[in-house]
Every structure is written in C-alpha cells, then in structure tokens.
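Everything on this sheet refers to the single structure shown next.
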Amino acid sequence: MADYPIREADETLALRLVGWIVADSARAERMLGLTGLDSASLRAGLSDPATLGALMDFVLNHEPDLLACAQALDVKPADLAGARERIGA
C-alpha cells in the first residue's frame, strides 16, 4: 500500500502521463474504454492513488504506449514504472 500523501514527484509524473494520454483522442477513448472511466470520473479521480495507478497501468501494460510516453515526457520507462510502484494502490 502506498504512503499518503503520494510523493510529489511521483504524482507529478503520473499527472504528466495522464496529460499525455488525453492529448490524443484515439488513445484517450481507448483508455476510457479499457479502464471503465468516463470524463467526470477521470477528473474526480486525479487526486486518487487508485485512479492514477490504473492510468499508469494503462500505459505500462502496452509497450508501444510506454515507450512513446517515456519519450514524450523525456523520462526513462523505468522512471514511469518506479513511480507506479511507489504510488501503489
């Protein structure tokens, strides 16, 4: 289980990842379909470790997305995986 509050750096990275997801409408629609979220629950969940974790899992579990996201955010894929692990939930 994660320590609360989430480390600021991990939360920032998770929110940047969410921004990357929603920047592309096709990817955002796929995420909404796979996670079961809708736009209202997405907005409401941005401070919830479980929601952030699910969104990170969406990227981490699809290697092309993981690599593209890491490149776009100028981080290593391992940085995203490490933040996900520390967020827990």
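Brief remarks follow.
- Candidate set: the stretch 15-29, residues that are in a helix (DSSP H, G or I) and of a type outside the set (A, V, I, L, M); chosen: the one surrounded by the fewest Cβ atoms within 10 Å (Cβ to Cβ): Ser25
- Looking across Thr51, Thr12, one residue alone is exposed (fewer than 13 other Cβ atoms within 10 Å of the Cβ), closer than 24 Å to Lys76 by Cα and hydroxyl-bearing (Ser, Thr, Tyr). It is Thr12.
- Complete set of residues in the stretch 49-67 that are in contact (Cβ under 8 Å) with a residue 24 or more places away in the chain and not in a helix (DSSP H, G or I): none
- Only one entry in Leu32, Leu37, Leu42 is surrounded by 13 or more Cβ atoms within 10 Å (Cβ to Cβ), free of Cβ contacts under 8 Å to residues at least 40 places away in the same chain and assigned to a loop (DSSP other than H, G, I, E, B), namely Leu37.
- Unique residue being among the basic types (Lys, Arg) and farther than 14 Å from Arg84 by Cβ when the list is Arg7, Arg43, Arg16: Arg43
Readers should treat all values here as calculations from the given coordinates under stated rules, not as data from a laboratory. Just so we're clear, the structure is a prediction, and the values are computed from it rather than from any experiment. All Cβ positions, glycine included, derive from the backbone under ideal geometry; neighbour counts span all protein chains shown.
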